[in-house]
Number of protein chains: 2
Amino acid sequence: MKGDSRLSRMLHVLLHLGEQQGPVTSELMARMLNTHPVVVRRTMAGLREKGLVRAERGHGGGWSLARSLDRISLLDVYHAIDEPPVFALGMAEDEPRCLVEQAVNAALESELREARDKLLKRFGEITLAALAEDFERRMRRAARKSQHGGGCGAA
Amino acid sequence: MKGDSRLSRMLHVLLHLGEQQGPVTSELMARMLNTHPVVVRRTMAGLREKGLVRAERGHGGGWSLARSLDRISLLDVYHAIDEPPVFALGMAEDEPRCLVEQAVNAALESELREARDKLLKRFGEITLAALAEDFERRMRRAARKSQHGGGCGAA
DNA sequence: ACTTATGCAACATTTGCAGTTACCAATTGC
DNA sequence: GCAATTGGTAACTGCAAATGTTGCATAAGT
């Protein structure tokens with residue numbers, strides 16, 4: 001595996017939710033993401049708890065946005081998926097007795113914390129509406145070259 | 001495990017190498033790192049190939065620095081362990097057909113690339129000698145409070 | 001020769017995300 | 001009421017990467 005793709009996937013389906021109006025089923029989302037409905041529900045559960053989306057059960061049910069895309073930032077989504085580790089790099093021990101290792105940890109933790117803080121700050125400044133705009137640009141550019149619409153194969 | 005600890009571990013043992021003069025065996029290093037000699041050899045192999053350390057075989061052999069600590073940066077060590085992934089976050093697909101996903105990937109990749117570049121730039125500015133200085137400070141501070149020396153349990 | 005080391009391949013273990021199955025709960029339509 | 005649809009959740013499997021472990025070959029000192 002190349003990493004935790006939950007953030008990437010949730011951004012993807014949220015943008016699709018922003019396009020379609022009316023609820024979208026986990027089944028359809030799963031086809032968009034090339035995965036399985038249970039994976040969708042599992043990950044979307046966090047977004048529901050944070051109030052980013054709503055889920056309706058039963059006939060005609062599915063997922064819909066609880067806020068407009070310009071009120072959702074990448075940081076909101078990151079929080080909603082439970083803030084998984086940003087870095088693959090880690091310390092050998094968390095509270096080492098060895099003073100050498102303490103010095104190493106202090107330096108690494110300081111750099112990683114700063115990098116993480118800056119990254120999350122940037123995430124906080126980017127809304128899903130901005131990503132949707134970029135998508136529209138790509139749509140228009142693609143439409144000029146070929147003739148088909150630009151959605152997912154599943155959409 | 002909380003992440004890839006190879007960078008952390010290599011920094012740790014390199015600082016110990018800087019303290020002791022004369023070769024240190026993988027056996028002893030393994031005790032410093034609470035691991036096994038083969039893990040040490042496996043990871044140190046990269047540093048050897050990059051010319052950061054030397055390994056001598058046979059009686060009285062072991063590992064020693066090929067450069068002084070002020071000529072080794074965190075970035076050098078990162079390169080030497082083969083540049084493992086910095087982030088735990090990744091994309092669902094590398095070359096998606098869906099234009100929505102392309103927009104998501106473009107935004108995420110751009111932010112992650114920038115964060116990585118900045119982090120590695122910082123790594124390039126930090127030498128192991130700087131970490132060793134911080135260790136010395138911790139040593140003196142600990143010596144003032146208690147009576148024992150400040151090395152590893154294994155050292 | 002014997003002992004001490006590294007070098008290296010092969011295999012087992014662990015950890016976390018992803019995939020899958022199964023069953024329950026809620027809601028709609030007949 | 002009953003069947004069909006859809007989310008909620010637990011439990012299990014699959015998989016990839018770092019780590020742990022064993023075994024054996026190679027090199028160097030005594």
- line: Log entry, pairs with first residue in the stretch B:73-88 being on the phi < 0 side of the Ramachandran plot, second being buried (at least 20 other Cβ atoms within 10 Å of the Cβ) and polar (S, T, N, Q), beta carbons closer than 7 Å, six or more apart or on different chains, reads B:Ile81/B:Thr43
- line: Per the list (1) more than 11 Å from every other protein chain (Cβ to nearest Cβ); (2) more than 8 Å from DNA strand C (Cβ to nearest atom); (3) out of contact with any Ser or Thr (no Cβ under 7 Å at 6 or more places or on another chain), residue check on A:Gly62 breaks on (3)
- prompt: In this structure, is B:Ala92 modelled with pLDDT of 95 or more, out of contact with any Phe, Trp or Tyr (no Cβ under 7 Å at 6 or more places or on another chain) and in a helix (DSSP H, G or I)?
  reply: no
- prompt: Looking at the stretch B:1-86, what helices (runs of 4 or more DSSP H) fall wholly within it and have at least 1 residues that are surrounded by fewer than 21 Cβ atoms within 10 Å (Cβ to Cβ) and within 10 Å of DNA strand D (Cβ to nearest atom)?
  reply: B:26-33, B:37-49
field: Conditions (1) closer than 18 Å to A:Leu131 by Cβ; (2) within 11 Å of chain B (Cβ to nearest Cβ); (3) over 10 Å from the mean Cα position of the chain (by Cα): number failed by A:Val86
entry: (1)
message: A:Ser5 - would you say it is within 20 Å of A:Asp134 (Cα to Cα) and hydroxyl-bearing (Ser, Thr, Tyr)?
response: no
message: Just the residues that are within 21 Å of A:Ile72 (Cβ to Cβ) and out of contact with any Phe, Trp or Tyr (no Cβ under 7 Å at 6 or more places or on another chain), please, taken from the stretch B:97-110.
response: B:Cys98, B:Glu101, B:Gln102, B:Val104, B:Asn105, B:Ala106, B:Ala107, B:Leu108, B:Glu109, B:Ser110
query: Only one residue in B:Ala115, B:Ala130 is modelled with pLDDT of 95 or more, more than 16 Å from DNA strand C (Cβ to nearest atom) and surrounded by fewer than 18 Cβ atoms within 10 Å (Cβ to Cβ). Which one?
result: B:Ala130
- line: Matching residues in the stretch A:1-52 (near DNA strand C (Cβ under 10 Å from one of its atoms) and among the β-branched types (Val, Ile, Thr)) number 5
- line: The residue from B:Leu52, B:Leu120, B:Leu112 that alone is in contact (Cβ under 8 Å) with a residue 12 or more places away in the chain and at the interface with another protein chain (Cβ under 8 Å from one of its Cβ atoms) is B:Leu112
query: Residues of the stretch A:87-110 being of a type in the set (S, T, N, Q) and surrounded by 20 or more Cβ atoms within 10 Å (Cβ to Cβ), which ones?
result: A:Asn105
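The values are calculated or read from the model by the stated rules, or taken from the named source; none is laboratory data. Worth saying up front: this structure is predicted, and the values here are computed from it rather than measured. No Cβ is skipped: glycine too gets one built from the backbone with ideal geometry, and neighbour counts run over all protein chains shown.
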